[in-house]
Amino acid sequence: MKTLVIKFGGAAVASPACFDHVAEIVKSKIEKKKRVVVVVSAMKGATDRLINLAKEVHPNPPKREYDMLVTVGERISISLLAMAMDKIGLQAKSFTGSQSGIITTSSHSEARIIAVKPHRIEKSLNESQVAIVAGFQGVSEQNEITTLGRGGSDTTAVALAIALNRENFFSEVEFYKDVRGIYDRDPHLDKTASKYDFLSYEEALKITLAGAKILHPRAIALAKDRVRLRIRSFIDLNDDGTVIGSDAYLKEETLFYESLDPRPYQVSLKGLKVGQC
Ligand SMILES: Nc1ncnc2c1ncn2[C@@H]1O[C@H](COP(=O)(O)OP(=O)(O)O)[C@@H](O)[C@H]1O
Ligand SMILES: N[C@@H](CC(=O)OP(=O)(O)O)C(=O)O
């Protein structure tokens, strides 16, 4: 059975009241799908506050301790969301990156995912719970807590979708944002910006590599030809948002049965090297 992964960034959980709204969105997803995993980022501004806190204590904090500190932001979000879901009668359980089996390289603050072993997530889904996963973090093979670099929660969501849908094709990750999708320029800066309904992975990569902070380019590179991405609004839930996929993917689904490969996608782009995720 397919598992839907949905990701909420810092803007979607900017204040305590936002968790109630997110819980309602998750509820509406469960009504349509049986298996739902939610990836959450730290509340808006929380990661910056933690980084500033570290700098007040040490001008150049040891990287291991920096990661230990900044991962706290996502732990706050996952537990608060699990509480908000419990309040409306939903069964949910929160997991850190380490508990979710996100295995990374050991390079603190810029780790790359090298494997995903989501045994606890699968157990939770099999018990009809919603699994709530802390984005942006993992654990190294040396058992140290690591972080994936700023904006890393998007990559967590895609990596989990791939790992949890090995038997299925055409899974989708939904990213809930404070805008309706991807536009030809930042709609918060230019009201005349127009939204794309569909972008190829390459087009989306170009836009994000050019600096649009709507989605992490690494997440797009990892998803390429394996997972469809939908960028949508957590405010206007009726808008279908922007879909990132390949033309063939949308037109002829069976095309991809043979070309799907469970190994990490290898792509080298100008300014971005993606060997792992
Ligand atoms: N081309 C673009 N299209 C849409 N949004 C863009 C673009 N460029 C920059 N942005 C900005 O990206 C932000 C991403 O949404 P946000 O909800 O803050 O994400 P998250 O909380 O997941 O980090 C928007 O608020 C928007 O201002
Ligand atoms: N909290 C981390 C990770 C992240 O991805 O956040 P967001 O999804 O809000 O961009 C950061 O601020 O970098």
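Since every read-out is calculated from the coordinates, none of them should be taken as a lab result. As the structure is a computational prediction, the values presented were derived from the model and not from experiment. Here the Cβ positions follow ideal geometry from the backbone for every residue, glycine too, while neighbour counts run over all protein chains shown.
Against the condition in contact with a strand residue (DSSP E or B) (Cβ under 7 Å, 6 or more places away or on another chain), surrounded by 22 or more Cβ atoms within 10 Å (Cβ to Cβ), closer than 24 Å to Lys213 by Cβ and of a type in the set (A, V, I, L, M), how does Ala82 come out, does it pass? Before you say what the answer is, go through the steps one by one.
Numbers: in contact with a strand residue (DSSP E or B) (Cβ under 7 Å, 6 or more places away or on another chain): yes; surrounded by 22 or more Cβ atoms within 10 Å (Cβ to Cβ): yes; closer than 24 Å to Lys213 by Cβ: no; of a type in the set (A, V, I, L, M): yes.
No: the conditions fail for Ala82.
Take Thr104 and decide whether it is under 15 Å from Ala42 (Cα atoms) and either within 16 Å of ligand 1 (Cβ to nearest atom) or free of Cβ contacts under 8 Å to residues at least 60 places away in the same chain (or both). If you could, list the steps in order and put the result at the bottom.
Details: under 15 Å from Ala42 (Cα atoms): no; either within 16 Å of ligand 1 (Cβ to nearest atom) or free of Cβ contacts under 8 Å to residues at least 60 places away in the same chain (or both): yes.
No; evaluated as a whole, the condition is false for this residue.
Can you tell me which residue among Arg75, Arg64 is in contact (Cβ under 8 Å) with a residue 40 or more places away in the chain and closer than 22 Å to Leu164 by Cβ?
Arg75
Could you list, in sequence order, all residues of the range 34-48 that are basic (Lys, Arg) and near ligand 2 (Cβ under 10 Å from one of its atoms)? Full working, then the answer.
Kept after step one, since they are basic (Lys, Arg), are these residues of the range 34-48: 34-35, 44.
Within the range 34-48, just Lys44 meets the criteria.
Can you pull out the helices (runs of 4 or more DSSP H) entirely within the range 136-233 that have at least 1 residues that are surrounded by fewer than 24 Cβ atoms within 10 Å (Cβ to Cβ) and among the small types (Gly, Ala, Ser)? Break it down into steps so the answer makes sense when it comes.
Numbers: elements: 153-164, 201-209, 217-223.
Hits in the range 136-233: 153-164.
Out of the residues in the range 7-22 that are within 12 Å of ligand 1 (Cβ to nearest atom) and part of a helix (DSSP H, G or I), state the one that is surrounded by the most Cβ atoms within 10 Å (Cβ to Cβ). Can you show your working first?
Here is the first cut: in the range 7-22, the residues within 12 Å of ligand 1 (Cβ to nearest atom) are 7-14, 18, 22.
Next, from what is left, pick out any that are part of a helix (DSSP H, G or I): 10-13, 18, 22.
Details: Gly10: 23, Ala11: 16, Ala12: 24, Val13: 28, Cys18: 21, Val22: 23.
Applying the filter and picking the extreme gives Val13.
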